[in-house]
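Notes for the one structure printed next.
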Amino acid sequence: MKIVRVTAMWCMSCLAMKKVWKKVFAEFDDIEIIDFDFDMDQERIESYQIGKVLPELIVFQNEKEVGRIIGEKSKHQLFQILEEFHENN
């Protein structure tokens, strides 16, 4: 599973999610994380059609987008969402 994680330095939700991401991503041994900054990577941001709400996680399986996770989520919510993507693909 590959996750494109879009954040910004000014995004308080992004900062709040750092600990949650670290804990949840550690639960999956096959996650590859690719980080983009909303302000610094505008060309990539446009190609992924990122909206105005951050953070945004784009989940890929076998190089195909299978879903997006937008905004803050609890550890439990994020784990459940990723587990569902992992099981269904």
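Against the definition (crowded, with 16+ Cβ neighbours inside 10 Å, touching a helix residue (DSSP H, G or I) at 6+ places or on another chain (Cβ under 7 Å), of a type outside the set (S, T, Y) and at negative phi), how does V59 come out, yes or no? Yes; evaluated as a whole, the condition is true for this residue. Within 17 Å of F25 (Cβ to Cβ) and under 15 Å from the mean Cα position of the chain (by Cα): is that true of R44 in this structure? Against the criterion (within 17 Å of F25 (Cβ to Cβ) and under 15 Å from the mean Cα position of the chain (by Cα)), R44 does not qualify.
Look at F36 and say whether it is touching a helix residue (DSSP H, G or I) at 6+ places or on another chain (Cβ under 6 Å) and either over 11 Å from M1 (Cβ atoms) or surrounded by 11 or more Cβ atoms within 10 Å (Cβ to Cβ) (or both). It is true that F36 is touching a helix residue (DSSP H, G or I) at 6+ places or on another chain (Cβ under 6 Å) and either over 11 Å from M1 (Cβ atoms) or surrounded by 11 or more Cβ atoms within 10 Å (Cβ to Cβ) (or both). No other residue among L82, L78, L54 is surrounded by 16 or more Cβ atoms within 10 Å (Cβ to Cβ), modelled with pLDDT of 90 or more, more than 19 Å from M1 (Cα to Cα) and not basic (K, R) apart from L54. Scanning segment 25-51 for residues that are of a type in the set (A, V, I, L, M) and modelled with pLDDT of 90 or more yields A26, I31, I33, I34, M40.
Only one entry in K52, K75, K64 is farther than 22 Å from S13 by Cβ and without any contact (Cβ under 8 Å) to a residue 60 or more places away in the chain, namely K64.
The values are calculated or read from the model by the stated rules, or taken from the named source; none is laboratory data. Keep in mind that what you see is a predicted model, and the values were worked out from it rather than measured. Here Cβ is always computed from backbone atoms with ideal geometry, including for glycine, and neighbour counts include all displayed protein chains.
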